Amino acid sequence: MTALARPVRGKPRPSLLGSTATPRWERIVERLIAAVAFVSVAAVLSILAFVAREAAPLFWEGREHLPDLILPRQWAGYDAPAHVWQPVGFPPKHDVVPLLIGTLKITGLAMLVAGPIALLSAVYIAELAPRRVREVVKPAIELFAGIPSVVLGFFSLVFIAHFLERLFGLTYRLNALVAALGLALTIIPVVFTVSEDALRAVPKSLREASAALGARRWQTTLLVVVPAALPGIAAAFVLGFGRAIGETMIVLMASGIAPVVDASPVSSARTVTATIAAELGETARGGEHWRVLFALGVLLFLITWALDRMGASAVARLRRRLHGPEAES
Amino acid sequence: MKRVSRGDWLLSAATGAAVVLVLGSLVAILGAIVVRGAPVLSPKFVFGSPGADPADGGLLPVILGTVACTLLMTVACVPLGVTTAVWLSEYAPRTSTLAGIVRSAIRNLAAVPSIVFGLFGLGFFVLFVGGKIDSVFYAQATGPVFARPAILWSSLTLALLTLPVVVVTTEEALRTIPRDVREAAFALGATRLQVVWRVILPHAKSGIWTGVILAVSRGAGEVAPILFTGVVGWQSRAPTDARDGFMHLGNHVYLLATQAPDVERAQPALYGTVVLLLLLTFSLNIAAVILRHRSRAGARA
C-alpha cells in the first residue's frame, strides 16, 4: 500500500518491454487531463441547457400568449393586425417577427457589402499577389478581427453615420445601413480567411493544366480555380453570415434600435442580439419578457450552431474532393 | 515579353482595388480614432481618480477593472485550454470519436454569439452557481452574496468564450513539434507525462504564449458577455473583491458613446477611452501575429 501510494519522483524506472512502466500517480494525472479536455463539451451543453432553462417556462406559464410571439395580432390602437415588439407597452407585446426582420435586413445588407469585397481580396492574395505582398497583407486583413466590436460600433456610430448622413441626407441618422456597414467590417476577415484558404487548397496541377491549354491567367482564375474552390467559398459566406447574426455591440450602437417592420435599408432597425443586450438589464427575472429574451438566446445559439456546422462540413467536403479522403484536418 | 491581356488587367485591378479598400478602411479607422484620441491621453486622464462626471476622465478604476477581469479570465482559461490541447495532441488517438467530440465542442464554443455567453453567464454563474453558494453558505445573509453580477462571474464567462482561442493555438503549436523530439525522449525512458511536461510544453512555449496573448486581446475587448454578469456603469473605485461589480473599458466606450448626458462634452473622453482599449487589444493582436510568424519561421528552419 505505502509503496504504491508514494509518488515516484526523479528518474523513470527503466524497462525493456515497450513503454516504461507508468507510475500510478501519473496515470491519475493523465485521467485528469482527459477529464479537463471534456470541460469544453460540458460548456457547450450547459450553455444550451442554462439559457433554455430560463426560457422554457414560457411553454407552460401563460401558454395562451405563445401564438403572439410570432403571429400578428389586432392590438388596441392599431388599424390592422400587426407584428409589434413593445415589451414595456400596456399590454406588453412580444412579437419577435420585427426583430427577426431587423436581423435579416442588417446582416443581409452587411453580407452584400462584405461578401464581394472579401472574396475579391481573397482572390488577389491567393492567386495574384507576389509572396512578399501576401505575407504582409494577409495578416493585416486578419488584424481586422482584432478590433473589438465595441470600437467598430463606435466608429459606425460616429463616422459612418456622419458620412452617410452627409451623402444621402437621411431621415434617421442611425439606421440599418449604418449598422450594416459597421457589421461588414467584422465579416470581411472571416469571409476573406476561409475563402483564401479554399482558393489556396486548389491543387497546382489544375492551374498548370489550364495554363498548358493556353488559358490566360484570368481565365484560369475565374473559370478553373474559383469554381474548384466554390464549396469553400460558400462555406466562407455561411460562416461570415453566422458571425454577423451573433454580433451585438455594433448593431446595438449603430442601428437606431427601433423595431420597425419595413423594407427600407435606411430606416431604423433592431436585431435579436441588440434587443437582448438593451433590454435584459431592466427586466424582472422570471417575467414573460425575461423568458422571451432567453428564448431569443436559444434561437441565436441554434442558428449560429447550424450555420457553423454547415460551413465546417462544406470545408471538409471540399478538402476531400480536392485531395482525396486521407487529407483530413 | 507577353502582352498583358485586358482580362488579366481587369482581374488584377478589381481584386487589387478590393484589397486596397479593406486595408484603407483599417488605416482609416485606426487613424481617425488615434488622431483624435491620442492627445487626450494625459497622465491625469489615464491615471487620475474619477470625478463625478465620466466625461472628465480619470480612468484608473476603469483600467484596473479591465485588467483585473482579464487577468482572472486568463488564470481560468489558460490552464484549461493548454490541458485540453495537450490531451488532443498527445493523448487522444487522432481518429478517436472522443477527440472528435471535443474538437467539435471547441468549434461550437467558438461559434456561440457573445451575447449568448452573456445570457449563459447570468443564467448559470450568477443565478445557478451563485444561488447555490448562497443557499449553502450564506443562508442567513439578508441579500444575495454570490448570486449577483460580479467580476468573478464576468471573468469565468469570458474564460469560456476565449477557451477555443487557447486550445486551437496551443494545439497548432504542439503539432509543429517534430515526432523525433518525442521519440528521442521516449527512447531515453521518459514516461508520457514527463515527455509532455519536460519536452513538449517547453518546446511549444512561444505557441502557447501566442494563444494567451490572443485570448487576452479577445477577452479584453468583449462587452456583450459582461453586460449582465458583472460590469457596472460608473462607480468611483476599482473592485477589491471577487464579488464586486467592476468598470470596464469596453463598456465605458459603449456608455460614453450612447448614454452620455452631454454628447459633445463626452467626446474627448470617449476617444481617449477607445485609444486605451485599442492599445490593450489591438496592439496585443499585432504582438501575437509577430510571435506566431517567428515561431513558424523557427519551425521551418
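Go through the residues of segment B:152-169 one by one and say whether even a single one is of a type in the set (A, V, I, L, M, F, W, C), buried (at least 20 other Cβ atoms within 10 Å of the Cβ) and at pLDDT below 90. Among the residues of segment B:152-169, not one is of a type in the set (A, V, I, L, M, F, W, C), buried (at least 20 other Cβ atoms within 10 Å of the Cβ) and at pLDDT below 90, which makes the answer no.
The residue that is nearest to residue A:166 (Cα to Cα), among those in segment A:236-271 that are at the interface with chain B (Cβ under 9 Å from one of its Cβ atoms) and touching a Gly at 6+ places or on another chain (Cβ under 6 Å), is A:253.
For residue B:191, the conditions (1) in contact (Cβ under 8 Å) with a residue 60 or more places away in the chain; (2) more than 30 Å from residue A:49 (Cα to Cα); (3) crowded, with 21+ Cβ neighbours inside 10 Å; (4) not hydrophobic (A, V, I, L, M, F, W, C) are fulfilled apart from (1). Please indicate, with yes or no, whether at least one residue in segment A:5-25 is at pLDDT 85 or above and surrounded by 15 or more Cβ atoms within 10 Å (Cβ to Cβ). Yes, that holds for at least one residue.
What number of residues within segment B:243-262 are surrounded by fewer than 18 Cβ atoms within 10 Å (Cβ to Cβ) and either among the aliphatic types (A, V, I, L, M) or not assigned by TED's automatic domain parsing to the domain that holds residue B:201 (or both)? Residues meeting the conditions: 1. Might you check whether a residue that is out of contact with any strand residue (DSSP E or B) (no Cβ under 7 Å at 6 or more places or on another chain) and more than 30 Å from residue B:178 (Cα to Cα) occurs anywhere in segment B:100-112? Yes, because at least one residue in segment B:100-112 is out of contact with any strand residue (DSSP E or B) (no Cβ under 7 Å at 6 or more places or on another chain) and more than 30 Å from residue B:178 (Cα to Cα). Taking the conditions (1) in contact with a Ser or Thr (Cβ under 9 Å, 6 or more places away or on another chain); (2) farther than 22 Å from residue A:40 by Cα; (3) more than 11 Å from every other protein chain (Cβ to nearest Cβ) in turn, residue B:137 satisfies each one other than (1). Note on segment B:11-62: among residues that are under 22 Å from residue A:150 (Cβ atoms) and of a type in the set (D, E, K, R), the one that is nearest to the chain's Cα centre (by Cα) is B:36.
Exactly one residue among B:16, B:24 is surrounded by fewer than 15 Cβ atoms within 10 Å (Cβ to Cβ), of a type in the set (Gly, Ala, Ser) and assigned to a helix (DSSP H, G or I), and that residue is B:24. Scanning segment B:211-242 for residues that are of a type in the set (Lys, Arg) and surrounded by 23 or more Cβ atoms within 10 Å (Cβ to Cβ) yields a single hit, B:218. Return yes or no: is residue A:112 of a type in the set (A, V, I, L, M), farther than 30 Å from residue B:189 by Cα and under 20 Å from the mean Cα position of the chain (by Cα)? Spelling it out, residue A:112 is indeed of a type in the set (A, V, I, L, M), farther than 30 Å from residue B:189 by Cα and under 20 Å from the mean Cα position of the chain (by Cα).
Here is a check on your reading of the model: is residue A:90 free of Cβ contacts under 8 Å to residues at least 24 places away in the same chain and within 24 Å of residue A:293 (Cβ to Cβ)? When the stated conditions are applied, residue A:90 passes them. The residues listed here are A:228, A:234; of these, the one that is under 24 Å from the mean Cα position of the chain (by Cα) and among the hydrophobic types (A, V, I, L, M, F, W, C) is A:234.
Restricted to segment A:128-148, and to residues there that are within 7 Å of another protein chain (Cβ to nearest Cβ) and crowded, with 19+ Cβ neighbours inside 10 Å, the residue that is nearest to residue B:224 (Cα to Cα) is A:148. A single member of A:301, A:294 is within 20 Å of residue A:93 (Cβ to Cβ) and either outside any helix (DSSP H, G or I) or at pLDDT 90 or above (or both), and it is A:294.
The conditions of being modelled with pLDDT of 90 or more, part of a helix (DSSP H, G or I) and over 17 Å from residue B:70 (Cα atoms) are not met by residue B:289.
Quick check: anything in segment B:154-169 over 15 Å from the mean Cα position of the chain (by Cα) and either more than 13 Å from every other protein chain (Cβ to nearest Cβ) or farther than 23 Å from residue B:71 by Cα (or both)? Looking for residues that are over 15 Å from the mean Cα position of the chain (by Cα) and either more than 13 Å from every other protein chain (Cβ to nearest Cβ) or farther than 23 Å from residue B:71 by Cα (or both), one finds none in segment B:154-169, hence no.
Within the option set B:282, B:228, being part of a loop (DSSP other than H, G, I, E, B), of a type in the set (Phe, Trp, Tyr) and either touching a residue at least 24 places away in the same chain (Cβ under 8 Å) or touching a His at 6+ places or on another chain (Cβ under 7 Å) (or both) holds for one residue only, B:228. For segment A:272-282, filtering for residues that are within 10 Å of chain B (Cβ to nearest Cβ) and either touching a residue at least 60 places away in the same chain (Cβ under 8 Å) or crowded, with 24+ Cβ neighbours inside 10 Å (or both) leaves 6.
Restricting attention to segment A:70-84, does a residue exist that is modelled with pLDDT under 80, in contact with a Phe, Trp or Tyr (Cβ under 7 Å, 6 or more places away or on another chain) and buried (at least 18 other Cβ atoms within 10 Å of the Cβ)? There is at least one residue in segment A:70-84 that is modelled with pLDDT under 80, in contact with a Phe, Trp or Tyr (Cβ under 7 Å, 6 or more places away or on another chain) and buried (at least 18 other Cβ atoms within 10 Å of the Cβ). Within the set B:118, B:58, the sole residue that is in contact (Cβ under 8 Å) with a residue 12 or more places away in the chain and on the phi > 0 side of the Ramachandran plot turns out to be B:58. Within segment A:149-177, the residues that satisfy the criterion of being within 13 Å of chain B (Cβ to nearest Cβ), touching a residue at least 40 places away in the same chain (Cβ under 8 Å), assigned to a helix (DSSP H, G or I) and not hydroxyl-bearing (Ser, Thr, Tyr) are A:150, A:152, A:153, A:154, A:157, A:160, A:161.
Scanning segment A:24-47 for residues that are in a loop (DSSP other than H, G, I, E, B) and either polar (S, T, N, Q) or touching a Pro at 6+ places or on another chain (Cβ under 7 Å) (or both) gives no hits.
Scanning segment A:95-148 for residues that are assigned to a helix (DSSP H, G or I) and touching a His at 6+ places or on another chain (Cβ under 7 Å) yields a count of 2. Note on segment A:32-48: residues that are more than 7 Å from chain B (Cβ to nearest Cβ) and surrounded by 16 or more Cβ atoms within 10 Å (Cβ to Cβ) total 1. Quick check on residue B:218: is it within 27 Å of residue A:280 (Cβ to Cβ), touching a helix residue (DSSP H, G or I) at 6+ places or on another chain (Cβ under 9 Å), of a type in the set (Lys, Arg) and assigned by TED's automatic domain parsing to the domain that holds residue B:116? Criteria met by residue B:218.
Restricting B:123, B:118, B:143, B:189 to residues that are at the interface with chain A (Cβ under 9 Å from one of its Cβ atoms), outside any helix (DSSP H, G or I) and of a type outside the set (Ser, Thr, Tyr) narrows the list to B:189. Kindly establish whether residue A:105 is of a type in the set (D, E, K, R), surrounded by 13 or more Cβ atoms within 10 Å (Cβ to Cβ) and within 21 Å of the chain's Cα centre (by Cα). So residue A:105 fits the description; yes.
The values are calculated or read from the model by the stated rules, or taken from the named source; none is laboratory data. Bear in mind the structure is a predicted one, so any value in this text is a computation, not a measurement. Quick reminder, even Gly has a Cβ in these numbers, built from the backbone with ideal geometry, and neighbours come from all protein chains shown.
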